[in-house]
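Peer 1: Here it is: the structure, laid out below.
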Amino acid sequence: MNVSLWPGHTVLVVGLGKSGQSACAFLQHRGCRVRATESARTPALEALAQSLTAGGATVELGGHTEALCDGSRLVVVSPGVPPTALPLQWARRRGVPVIGELELGARFCAGRLVAITGSNGKSTVTTLVGAMLETAEQPAVVAGNIGTPLTSQLSRIQFGTTVVLEVSSFQLEHVDRFRPAIACVLNVTPNHLDRHASFEDYAAAKRRLLTQQGRFGWAVVNADDPVCQAMASAAPGRRLEFSVQRPVRGAYLADGALWLVLRARRYRVMAAEEIPLLGPHNTANALAAIAIGGLLGLDPDTMAAAIRRFRGLPHRLERVADWRGITFINDSKSTTVEAGLRALECCPGKAVLIAGGKDKGSDFTVLRRPAGRMVRAAVLIGADAPRLASALEPVVPVRRAGTLCEAVQTAVRLAQPGDWVLLSPMCTSFDMFQDFEDRGAQFTDAVRALIQLEQAAVLA
């Protein structure tokens, strides 16, 4: 698909989330005639529509009109828009190319692209690689699914800039010529099955990151994940691996240290105990970042220094408070069963688990055996709490809560000294909250309010 864009060309943008808004701004800056369509209608979107219209765009909210496809040279779709959306069907029927905002940005990007995907850990690894480049004082931009659209950063990117991108399966549905110099797949486990028809379809979207690379590209893959290994076998370029289980050509854990093998040389990067993040999965994340950093030419000491300073991202096994011998952990970013299990494995004792929300097609029955060992009780919230309850009730006491504040209060009553009260929802947040950040912030506020209330009672 070879579509050039010049001033005066008409482009239809489908979806006015953050990526769609950024695409509109970029296209208007290039002098394109922008049309935009969005199924929702809110006061914020109406204000946005007025702003875009003032810049010459045609905007419709609250539905889609087929006529907007007429005369469009290209359709740019936001990642939140499913492939079955009507405007995309109309465009394909007319033979109009459909690409995503990520693909649009990559076509006009002057920098070296590093793309990181996976079911879990991609934000952490993306941020960590960016921190390594910053420590090395190399020009870098971190963007993509992490919350900063690539098209919004193009003016900052020059030849010689390394662009570190977090990439989701939704974004990979609409790439065509996206060929990063380094493509990393961290892990692939069932996720987003409410959007993808099957796990195979979800994995196929992830696989595109590797199969579209040229023969001079580098694939960095998890040697401990059989799905990643199968994907890597189809990649046309070169391969580097990372592993917490065995030595590999790449980065691995052995003898209590993190090692890098690259270009026939072996480097001891750092001791594993120096990683400041909780859990063995974060050791794997650090190894993935080291493998990428090695390919970028970063010095092992520089990478180690960046890892030692890295304190993780909010809402990912974030310690909120310690009170009455109970530790409160905010893992609101956990939207899969696998992420929840990883959080539980980090708990040194028992956990009172706060979970629930809008399910993504997960199989909650796999929680039963580990929950029986690691969970003292579960407090469930959200639309799909009944499905979680049916999986957990045979092995642990289960309580329901109508709000997150109520869930925290219930969890404290159930917890014992030495326990964690762990918010690890294993579901999306949109049934009760704006997003996972809002959910995590409300959990943190509820915990702190509870502590302050008791402290005030003691002083009274």
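What follows draws every value from the coordinates through simple rules; no lab data is involved. Please read these numbers as outputs of a predicted model, since none were measured by experiment. We place every Cβ from the backbone using ideal geometry, glycine too, and count neighbours over all the protein chains shown.
Peer 1: Compute the length gained on full extension between residue 301 and residue 234: take 0.36 nm times their separation in residues and subtract their Cα-Cα distance, giving the result in nm to one decimal. The partial results should precede the final answer.
Peer 2: Values: separation 67, 0.36 × 67 = 24.12 nm, distance 3.33 nm.
This chain segment gains 20.8 nm when fully extended.
Peer 1: As I understand it, the dipole of the range 103-309 uses +1 on the Cβ of Lys and Arg and -1 on the Cβ of Asp and Glu, about the Cα centre. Which of 242, 189, 162 lies farthest toward its positive end?
Peer 2: My answer, from the dipole projection, is 162.
Peer 1: Please work out the ratio of the alpha-carbon Rg of the range 318-459 to 2.2 N^0.38 Å and round it to two decimals.
Peer 2: Numbers: Rg = 13.8 Å, N = 142, 2.2 N^0.38 = 14.5 Å.
Against the compact-globule rule of thumb, the ratio is 0.96.
Peer 1: Using the Cα centre of the chain as origin and beta-carbon charges of +1 (Lys, Arg) and -1 (Asp, Glu), tell me which of 44, 310, 295 is placed farthest towards the positive end of the dipole.
Peer 2: 295
Peer 1: Return the distance in nm (one decimal) between the two label points of a simple spin-label model at residue 245 and residue 373, each offset 7 Å from Cα along Cα→Cβ.
Peer 2: According to this spin-label approximation, the distance is 1.6 nm.
Peer 1: Which value in deg cm²/dmol, rounded to the nearest 500, describes the helix-derived mean residue ellipticity at 222 nm for the chain, given -39,500 (n - 2.57) per DSSP H run of n ≥ 4 and division by the residue count? Before the final figure, lay out the partial values.
Peer 2: Values: 15 runs with 164 residues, N = 460.
Mean residue ellipticity, 222 nm, calculated: -11000 deg cm²/dmol.
Peer 1: No solvent, one uniform scatterer per C-alpha: report log10 I(q)/I(0) for the range 10-96 via the Debye equation at q = 0.14, 0.25 1/Å, two decimals.
Peer 2: Log10 of I(q)/I(0), two decimals: -0.40, -1.36.
Peer 1: Taking only complete DSSP H runs, can you tell me which helices of the chain stretch 30 Å or more along their own long axis by Cα positions and average at least -1.0 on the Kyte-Doolittle scale?
Peer 2: On the way: long enough: 436-459 (35 Å, 0.18).
Sorted by number, the helices that extend far enough and score high enough are 436-459.
Peer 1: If you average over every viewing direction, what projected area does the convex hull of the Cα atoms of the range 103-309 give, in nm²? Could you put the intermediate results ahead of the total?
Peer 2: Numbers: hull surface 43.0 nm².
For the range 103-309, averaging the hull's shadow over all directions gives 10.7 nm².
Peer 1: Any chance you could run the full-extension gain for residue 366 through residue 155? It's 0.36 nm times the residue separation minus the Cα-Cα distance, nm to one decimal.
Peer 2: Numbers: separation 211, 0.36 × 211 = 75.96 nm, distance 4.66 nm.
Once the chain is fully extended between residue 366 and residue 155, it gains 71.3 nm.
Peer 1: Under the definition of Cα pairs under 8 Å and six or more residues apart, what whole-number percent is the relative contact order of the range 318-459? Intermediate results must be reported in sequence, preceding the final value.
Peer 2: Details: 287 pairs, mean separation 49.8, N = 142.
Once divided by the residue count of the range 318-459, the mean separation gives 35 percent.
Peer 1: Turning to a different aspect of this structure: With both bridge residues required to lie in the chain, what share of the DSSP beta bridges run antiparallel, to the nearest 5%?
Peer 2: Working: 17 of 76 bridges.
Percent antiparallel among DSSP bridges in the chain is about 20.
Peer 1: Divide the volume of the convex hull of the Cα atoms of the chain by its number of residues and quote the answer in cubic angstrom per residue. Each step should come with its number before you reach the end.
Peer 2: Working: hull volume 74.1 nm³, N = 460.
Looking at the chain, the number lands at 161 Å³ per residue.
Peer 1: Report relative contact order for the range 136-257 in percent, whole number only (criteria: Cα-Cα under 8 Å, sequence separation at least 6). Before the final figure, lay out the partial values.
Peer 2: Details: 187 pairs, mean separation 21.9, N = 122.
With pairs under 8 Å counted, the relative contact order is 18 percent.
Peer 1: Lys/Arg Cβ at +1, Asp/Glu Cβ at -1, dipole of the range 122-253 taken about the Cα centre: which of 150, 128, 178 is farthest positive-ward?
Peer 2: Going by the Cα projections, it comes out as 178.
Peer 1: Would you mind putting 122-132, 227-237, 344-354 in packing order, based on average other-beta-carbon counts within 10 Å, highest first? Don't jump to the answer; show the numbers that get you there.
Peer 2: Details: 122-132: 25.2, 227-237: 17.3, 344-354: 21.0.
Top to bottom by mean Cβ count within 10 Å: 122-132, 344-354, 227-237.
Peer 1: Still on this structure, I have one more. Expected output is a single nm value to one decimal: the length gained when fully extending between residue 308 and residue 60, i.e. 0.36 nm times separation in residues minus the C-alpha distance. What is it? Please list the in-between numbers first.
Peer 2: Details: separation 248, 0.36 × 248 = 89.28 nm, distance 4.88 nm.
That works out to 84.4 nm of additional length.
Peer 1: Just to confirm my numbers, what's the Cα centroid distance between the range 355-429 and the range 283-299 in Å?
Peer 2: With the range 355-429 and the range 283-299 each reduced to a Cα centre, they are spaced 35 Å.
Peer 1: Would you mind working out the magnitude of the charge dipole of the range 325-460 relative to its Cα centre, with +1 at each Lys and Arg C-beta and -1 at each Asp and Glu C-beta, to the nearest 20 Debye?
Peer 2: In debye, rounded to 20, the range 325-460 gives about 440.
Peer 1: Output the antiparallel fraction of DSSP beta bridges having both residues in the range 318-459, as a percent to the nearest 5.
Peer 2: On the way: 6 of 23 bridges.
Bridges in the range 318-459 are about 25 percent antiparallel.
Peer 1: Counting Lys and Arg as +1 and Asp and Glu as -1, each charge on the Cβ, what is the dipole of the chain about the Cα centre in debye, to the nearest 20? Show your work: numbers first, answer last.
Peer 2: On the way: 49 positive and 40 negative charges, 209 e Å.
In total the dipole reaches around 1000 debye.
Peer 1: Something else now. Over 19 Å between Cα atoms, which of 18/206; 206/358; 122/333 qualify?
Peer 2: Working: 18/206 22 Å; 206/358 23 Å; 122/333 12 Å.
Those over the limit are 18/206; 206/358.
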